[in-house]
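Trainee: I have a structure here, written as structure tokens, and I will follow up with some questions on it.
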Amino acid sequence: MRIPLYQVDAFARRPFEGNPAAVCPLERWLDDDVLQAIATENNLSETAFFVGAPEGRELRWFTPTTEVALCGHATLAAGFVVLELLGEESDNVRFNTRSGTLVVSRAASGYAIDLPVLTAHACEPPQSLLDGLDRAPIEILASTNYLCVYEREEDIRNLNPNFRVLAHCEPYAVIVTAPGEDVDFVSRFFAPAHGIDEDPVTGSAHCTLTPYWSQQLRKTRLKARQLSRRGGELACTLQGERVVLEGGCVLVLDGTLHVSD
């Protein structure tokens, strides 16, 4: 079986920035263990698979170790593949996912993705979270992941977490954030329990970060930067119970997977 494969840097302005995702269009769903094996072979933070026609595309995401319920950057990458590489004539593409219908559209800054709000609330943190961070946050909340708030951008940049310890926060990943010096807020994202010590740029994390900082800063449109080694910038807009993220996409590789059926 020959499967097309595209590697796209999402939330990037040029190659080797942002977050790389593999995108595989399929004629039909393969067995889950085959999808997982492909994602493990790709060894990127996410591999996106989709099937179906324009009116009914289904999209799934796999890390090197597990399937996840929501991934922003790989959805943006999948939308880019459909809109720019597969001949889609529309200005947007809709995907049916475990997190509802997600839409990727062309935008002034590149592409935009519409995602659900994931509101964080105060929580009692587990000891593994406190032990895994090398400095204590000023506030800890949780949505689908832990949200740890610090005072300064420097705190986020210099954080040196113990990933082995943070892996015990399973099934939660960890978002750390602070006000930015020349953007509205900065963040990093750690998910060792999902096979990703640090994710370069995490769209789904901004489903939690955007409503939090929108409330703190009293504005609905914000500029964000994720402070990973690769780095990435996002324009974030809160629209009721939805978050719209904008950023660029860059194709860095295309080829064919050869898989035994």
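Trainee: Just need the Rg to Rh number for the stretch 190-249, please, alpha carbons only, Kirkwood Rh.
Mentor: Working: Rg = 12.1 Å, Rh = 12.2 Å.
With Rh from the inverse mean 1/r over Cα pairs, Rg/Rh is 1.00.
Trainee: List the equivalent ellipsoid semi-axes of the stretch 68-189 in whole Å, largest first, each obtained as the square root of 5λ for an eigenvalue λ of the Cα gyration tensor. All intermediate terms of the calculation are to be shown ahead of the outcome.
Mentor: On the way: eigenvalues 214, 58, 31 Å².
In descending order, the three semi-axes are 33, 17, 12 Å.
Trainee: Rounding to the nearest 20 debye, state how big the charge dipole of the stretch 129-186 is about its Cα centre with +1 on each Lys and Arg Cβ and -1 on each Asp and Glu Cβ. Intermediate values should be presented prior to the final figure.
Mentor: Working: 4 positive and 11 negative charges, 59 e Å.
So the dipole magnitude of the stretch 129-186 works out to roughly 280 debye.
Trainee: Given the options 162, 236, 217, identify the residue whose Cα lies farthest towards the positive end of the charge dipole of the stretch 121-240 (+1 on Cβ of Lys, Arg; -1 on Cβ of Asp, Glu).
Mentor: Farthest towards the positive pole: 236.
Trainee: Here is a further query. Taking the Cα centre as origin and putting +1 on Lys and Arg beta-carbons and -1 on Asp and Glu beta-carbons, what dipole magnitude results for the stretch 121-240, to the nearest 20 debye?
Mentor: Computed charge dipole of the stretch 121-240: roughly 360 debye.
Trainee: What percentages make up the Cα-Cα pair-distance distribution of the stretch 121-240 when the bins are 10 Å wide from 0?
Mentor: Histogramming the stretch 121-240 at 10 Å steps yields 14, 51, 31, 4 percent.
Trainee: Rg to Rh for the chain: what is it, with Cα atoms only and Rh by Kirkwood? The partial results should precede the final answer.
Mentor: Working: Rg = 17.6 Å, Rh = 18.4 Å.
Dividing the radius of gyration by the Kirkwood radius yields 0.96.
Trainee: Right, next: With viscosity set to 1.567 mPa s and temperature to 4 °C, compute the Stokes-Einstein D of the stretch 1-133, Rh being the Kirkwood radius across alpha carbon pairs; µm²/s, no decimals.
Mentor: Numbers: Rh = 15.8 Å.
Answer, rounded: 82 µm²/s.
Trainee: May I ask you to derive the relative contact order of the stretch 1-160, considering only C-alpha pairs under 8 Å and at least 6 residues apart, and to give it as an integer percent? Provide the component values of the computation, followed by the final result.
Mentor: Working: 269 pairs, mean separation 21.4, N = 160.
For the stretch 1-160, the relative contact order is 13 percent.
Trainee: How big is the Cα convex hull of the stretch 141-206 in projection, averaged over all directions, in nm²?
Mentor: Details: hull surface 17.3 nm².
So the Cα hull casts an average projection of 4.3 nm².
Trainee: Summing -39500 (n - 2.57) over the DSSP H runs of n ≥ 4 in the chain and dividing by its residue number, what mean residue ellipticity at 222 nm do you reach, to the nearest 500 deg cm²/dmol? Intermediate values should be presented prior to the final figure.
Mentor: Values: 6 runs with 48 residues, N = 261.
Theoretical 222 nm ellipticity from helices: -5000 deg cm²/dmol.
Trainee: In whole percent, what relative contact order does the stretch 121-240 give with Cα contacts below 8 Å and a gap of six or more residues?
Mentor: Details: 237 pairs, mean separation 23.0, N = 120.
Across the stretch 121-240, relative contact order equals 19 percent.
Trainee: Turning to a different aspect of this structure: Sort out the exposed loop GluC sites (Glu not before Pro) in the chain (DSSP loop, at most 16 other Cβ within 10 Å) and tell me the longest stretch that has none.
Mentor: Details: sites that count: 27, 55, 88, 89, 151, 181, 241.
Of all site-free stretches, the longest is 90-150.
Trainee: Can you give the longest run of the chain that contains no trypsin sites (Lys or Arg not before Pro) sitting in a DSSP loop with at most 10 other Cβ atoms inside 10 Å? Don't skip to the end; give the middle numbers.
Mentor: Working: sites that count: 28, 218, 229.
In the chain, the maximal stretch lacking such sites is 29-217.
Trainee: Now a separate question. Rounded to whole Hz and in sequence order, give me ³J(HN,Hα) for the stretch 245-253 from the Karplus expression 6.51 cos²θ - 1.76 cosθ + 1.60, θ = phi - 60°, writing x for Gly and Pro.
Mentor: So the J values, rounded to whole Hz, are 10, 10, x, x, 9, 9, 6, 10, 7.
Trainee: Sticking with this structure for a sec: Restricting to the stretch 121-240, compute how many DSSP beta bridges are antiparallel as a %, nearest 5. Don't skip to the answer; put the middle values down first.
Mentor: Numbers: 20 of 27 bridges.
If we restrict to bridges inside the stretch 121-240, about 75 percent are antiparallel.
Since every read-out is calculated from the coordinates, none of them should be taken as a lab result. What you see is a predicted model, and the numbers here were worked out from it, not measured in a lab. Note that we place each Cβ from the backbone using ideal geometry, even for glycine, and neighbour counts take in every protein chain shown.
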